[in-house]
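The values are calculated or read from the model by the stated rules, or taken from the named source; none is laboratory data. Since this is a predicted model, take the numbers as computed values, not measurements. Here the Cβ positions follow ideal geometry from the backbone for every residue, glycine too, while neighbour counts run over all protein chains shown.
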Amino acid sequence: MRILLVEDEPDLGKAIDRTLKQEKYIVDWAQDGNEAWEYLDSHWTQYTLAIFDWLLPGLSGIELLQRLRAKHSFLPVLMLTAKDRMEDKVAGLDAGADDYLVKPFGMAEMLARLRALQRRSPQIQPQQLQIGNLALDCGSRTVFHLDSHGKHQNISLTNKEFQLLEYLMKHPNQIVTTDQIRNQIWEASADSFSNVVAAQVRLLRRKLESVDCANLIETVHGVGYRMKRGEI
């Protein structure tokens, strides 16, 4: 799941960015409103959630919200601000914010609010994906193999391995190109000419080999990859 974080305070931005990545989110971090709008104007459909600070250089968080809603986007947005007056909260919600968090705040509360926004989102995805004997739980961010007796064997994955597997499992039997994968699970600043996708697929396959699931990911030479649906 991809989040757009818009926060101009470096220390707070780094803390939020680190926390989100620890929770296996993909994060694009913009530090001013104009940069954020460049992300949103061309890629807003790629995001699952957004976090906007209210006061930003360039476009404010409120102006970003207004532009986003003018595109008829239902992207859930959590607004961060030091403004705690009731009229300020009303102004933010009326502009299109889905929730409001007053600074200073705890990271645990922020994550809980993001989970709540995901549950309410009209674009919500199934909580559990399964292909063959391989299952991925989107809520707990875990992957496990089901044996013939229905017992779970957890598979330990890194953030990027989990994100790659989740993306492939959401597109079973579809060929997804290397560029599509890179755009979905790497930050926008990633080098588009590197072989990070192929390297990540190799690492993921090694983890899946331990439960005889490596052959679920098929290489389509010169194009990309396909997650094969069906029993192994």
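Criterion first (farther than 22 Å from residue 32 by Cα, in a strand (DSSP E or B), of a type outside the set (Val, Ile, Thr) and free of Cβ contacts under 8 Å to residues at least 24 places away in the same chain) does residue 135 satisfy it? Against the criterion (farther than 22 Å from residue 32 by Cα, in a strand (DSSP E or B), of a type outside the set (Val, Ile, Thr) and free of Cβ contacts under 8 Å to residues at least 24 places away in the same chain), residue 135 qualifies.
For segment 52-71, the set of residues classified as surrounded by fewer than 22 Cβ atoms within 10 Å (Cβ to Cβ), under 14 Å from residue 41 (Cβ atoms) and not acidic (Asp, Glu) consists of 58, 59, 66, 67, 69, 70, 71, listed by residue number. Of everything in segment 217-232, what is at pLDDT 90 or above and either under 19 Å from residue 157 (Cβ atoms) or not in a loop (DSSP other than H, G, I, E, B) (or both)? Give them in sequence order. Residues satisfying the conditions are 217, 218, 219, 220, 224, 225, 226, 227. Restricting attention to segment 71-94, the residues that are under 16 Å from residue 39 (Cβ atoms) and among the small types (Gly, Ala, Ser) total 1.
If you check residue 30 against the conditions, is it within 27 Å of residue 84 (Cβ to Cβ), touching a strand residue (DSSP E or B) at 6+ places or on another chain (Cβ under 7 Å) and at pLDDT 90 or above? Yes, satisfied. Between 19, 48, the distinction of being among the polar types (S, T, N, Q), crowded, with 18+ Cβ neighbours inside 10 Å and under 21 Å from the mean Cα position of the chain (by Cα) belongs to 48 only. Evaluating residue 149 against the criteria (1) within 25 Å of residue 48 (Cα to Cα); (2) at pLDDT below 80 leaves one unmet condition, (1).
Using the structure shown, decide if residue 185 is buried (at least 16 other Cβ atoms within 10 Å of the Cβ) and at pLDDT below 85.
Working: buried (at least 16 other Cβ atoms within 10 Å of the Cβ): yes; at pLDDT below 85: yes.
In short, yes.
Number of residues in segment 1-34 that are within 20 Å of residue 115 (Cβ to Cβ), in a helix (DSSP H, G or I) and of a type in the set (D, E, K, R) equals 3.
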